2 protein chains.
Amino acid sequence: MGIAERKERHKEDIKKRILEAAKELFLEKGFEATSMRNIAEKVEFSPTALYLYFKEKNNIIYALHQEGFRMLASKFQVLAMVSDPMERLKAMGRIYMQFAMENSDFYELMFIMKEPLQYLEGCPDEDWQEGEKVYHALYNTILECQQKRLFSNIEAHGLSLMIWSTMHGLCTMKIHGQLDHMTSNKNILPEVESKIDYVYETFIAVLERMA
Amino acid sequence: MGIAERKERHKEDIKKRILEAAKELFLEKGFEATSMRNIAEKVEFSPTALYLYFKEKNNIIYALHQEGFRMLASKFQVLAMVSDPMERLKAMGRIYMQFAMENSDFYELMFIMKEPLQYLEGCPDEDWQEGEKVYHALYNTILECQQKRLFSNIEAHGLSLMIWSTMHGLCTMKIHGQLDHMTSNKNILPEVESKIDYVYETFIAVLERMA
DNA sequence: TTTGGAAACTTAACACTGTAAACTATTTTT
DNA sequence: AAAAATAGTTTACAGTGTTAAGTTTCCAAA
């Protein structure tokens, strides 16, 4: 009977509408200030109707978390055009950083907030596929670099995780304002218009120097 | 008149008691789960009495944020014993990491939560002295390294910020579980008992190689 | 085509949250 | 002793996530 399918599709549609509303509110007011009641109002449902489609709020958050990763993955697509692995590595860092700056709310959802991964803890055997995918893009690039005799004698997983740590630390310190609240180097680096770019350049210089 | 002083001291005592209670609750139940009412109950006050001593909850959070920095600073004291700057840099990283692991709630308060810095925004001309102090310890060590011809031709502020980014990124990825949710390298790094230590070793290797 | 039951949705309610205003009791000053 | 300032409590507001009970809508079998 095709009617069950149609219902199923309808349900998926509503789920999408809810997520769309949640996303909009989330982007315009920030996550903290977005409540279930807000979302419900936007989709013209009663507050508790959302619970028919998502077991709890963390569920909605996790769905947006996944969408964020899809967004990042689509930005990463252009990297396929870059054949030289070292150049690809550098471009990857730039894109990652740019994504974090342009979609800082999503970045927070993907890497800073603990609710999404916390939700994953609840689902056993479910691992963090989204993060894994990003990690692999990085790891494989490092491996390719090593095939070109770069980063020799350094274990690739360790290096990959270290590079990700640096990028993540840089982005979070920018997003949370620590980078800008450090006024002492403002006087000494007056010509630098963007601190985060400056630090990234330094990082690249370090990597190229030791490669 | 010494009576005003005595009253002032009394007030400070109560403030301390409140902070002590807040800290305990915070450490045992995590920040999210600690409410003003919880704290008030612990010090046997009515909930709103706390507002006579702290203008708002962020105020209490900021006070603990400061205490966290004092704790870190006291751990950093042993670094004065290390005369070689490169060795000191490495020890500093270890201590920073260890502090973040042993006091992850405080670390979150100091570097991850946005409330404290958000509170600072409200107080104009108040800059983030706590962070600045830590930064200077790092920056000066880098300068000393450069006097010994290490990290030559690299601007010290950029390098300092990059190093901090790496350490911060590493600690947050550990605390938030991203490091552990990355199972793909678990199979490949079976002998590694602590991923964070392993990545740190890699980082040190990178720094020493390019120095 | 009417009836029974499931599915979709709403209303009411619970146990919380941070915080402001109003009120009361205590202490200090005049 | 009366007035004023201080310290603290009670009450209240507007919000939160979520559950349970009630209501409406829709679809399948009699």
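What to note about this one:
- In the range B:75-115, residue surrounded by the most Cβ atoms within 10 Å (Cβ to Cβ) [restricted to those that are among the polar types (S, T, N, Q) and without any contact (Cβ under 8 Å) to a residue 24 or more places away in the chain]: B:Q98
Quick grid of which residues meet (1) away from DNA strand C (no atom under 16 Å from the Cβ); (2) away from chain B (no Cβ under 14 Å); (3) more than 27 Å from B:D180 (Cα to Cα):
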site	(1), (2), (3)
A:Y51	no, yes, yes
A:S74	yes, yes, no
A:S83	yes, yes, yes
A:R88	yes, yes, no
A:A91	yes, yes, no
A:Q98	yes, yes, no
A:F106	yes, yes, no
A:I112	yes, no, no
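- Criterion: in contact with a Pro (Cβ under 9 Å, 6 or more places away or on another chain) and closer than 20 Å to A:L170 by Cα - qualifying residue of A:M97, A:M110, A:M101: A:M110
- Exactly one residue out of B:E32, B:E24, B:E115, B:E44 is at positive phi and not hydroxyl-bearing (S, T, Y): that is B:E44.
- Being within 28 Å of B:V134 (Cβ to Cβ) and within 16 Å of DNA strand D (Cβ to nearest atom) is a property that B:K42 lacks.
- Candidates B:Y139, B:Y135, B:Y107 - the one that is aromatic (F, W, Y) and within 11 Å of the chain's Cα centre (by Cα): B:Y107
No value in this document is a laboratory result; all are computed from the given coordinates. Keep in mind that this is a model prediction, so the values were computed, not measured. We place every Cβ from the backbone using ideal geometry, glycine too, and count neighbours over all the protein chains shown.
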